[in-house]
Structure formats: structure tokens, C-alpha cells
Amino acid sequence: MGFPNIFYKDICQPLFFGVLMKPFAALLDAGDPEWHDVSWVKQKVVELLEKGCGYFVCYGETSEMLHDLIDEVIEGHDFSKIITTYHCHESRPEVASFFKLVAMEGMNQGLIVVRNIEGWHSAMH
């Protein structure tokens, strides 16, 4: 069974928020090279926060570093009640399950911002 309130966004495309309702959870794959560019990350995180992201789930071997950078942005912009987690030892299906069952609890929608949309779409179903 799919989750109709989860949307997928190719990380290589500009973020568009026309269909998202606040608050939403975001899943970020730290293996995507864009998340290694500190200034790019800061810009995208601020965009996500301003649009209503209330929960960041970071996945992959370098997810702890991405998580820490997101925390810095949150603290530097005085956003409150934002949750961040990192998952560097879990599998993609485990993180997909966490995203659906934990991160999206109390959120209106979910946004998966990754390069490998097909792989994440499969993991979500």
C-alpha cells in the first residue's frame, strides 16, 4: 500500500512547494553529492524550513554530518520545535519505514528529496 501524502523531488531540480501542506517531514539521502556542498545545504534547508518542514530524516553513511549541519541552520535561524534524525547504519527499507511510521506522525505530508527517486519509491511501498 502506498502513501498518497508522500511526494518525491529530484534533488537536481529546483524545489517547488505547490502541493505541500505544513507541517511536513523531509527525507534527505546524504549519499547524494549535493548534500556535501555546505552553502547549498544551508540554502535548501532554509527553504524547507520556511515552507514548513518540521522533521528532517537524514539517511546514509554521511548522514550524521548532514544532520549536524541542519541543526546549525535551525539554531542560526531561530526555528523551534524542528526534529532532526540521522540513520547511518540502517537500510533504505528501514529508514523508509521510520519515515512513514515515525517522522510523518503529526505531519500533513512527506517530501523525499533525492537523486534516486525510483529506489526510494520502491522502498516506500
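The values are calculated or read from the model by the stated rules, or taken from the named source; none is laboratory data. Quick caveat, the model's predicted, so the values are computed rather than measured. Heads up, the Cβs are rebuilt from the backbone with ideal geometry, glycines too, and the neighbour counts pull from every protein chain shown. The protein model used for the area step is the full one, side chains on, heavy atoms only, and it has no ligands, DNA or RNA in it. Shrake-Rupley method; radii C 1.70, N 1.55, O 1.52, S 1.80 Å.
Structural remarks
- Per residue accessible area of the chain, 1.4 Å probe, in Å²: 53 Å²
- Percent RCO, i.e. relative contact order, over the chain, from Cα pairs under 8 Å lying at least 6 residues apart: 41 percent
- Residue 77 exposes around 100 Å² of accessible area when a 1.4 Å probe is run over every protein chain in place.
- Heavy-atom accessible area, probed at 1.4 angstrom with all protein chains present, ranks 12, 88, 58 as 12, 88, 58, highest first.
- 19 Å Cα cut-off, lysine pairs counted over the chain (separation 8 or more, or different chains): 13
- Model label points for residue 42 and residue 75, set 7 angstrom from Cα along the Cα-to-Cβ axis, are 1.4 nm apart.
- Expressed as a whole percent, the accessible area of the chain that falls on carbon and sulfur atoms is 53 (1.4 Å probe).
- Each of (i) 39, 29, 26; (ii) 44, 31, 24; (iii) 72, 37, 27 is a candidate for Cα extents along the principal axes in Å; the one calculated from this structure is (i).
- Full extension of the chain between residue 108 and residue 22 yields a length gain of 30.3 nm, computed as 0.36 nm times the residue separation minus the alpha carbon distance.
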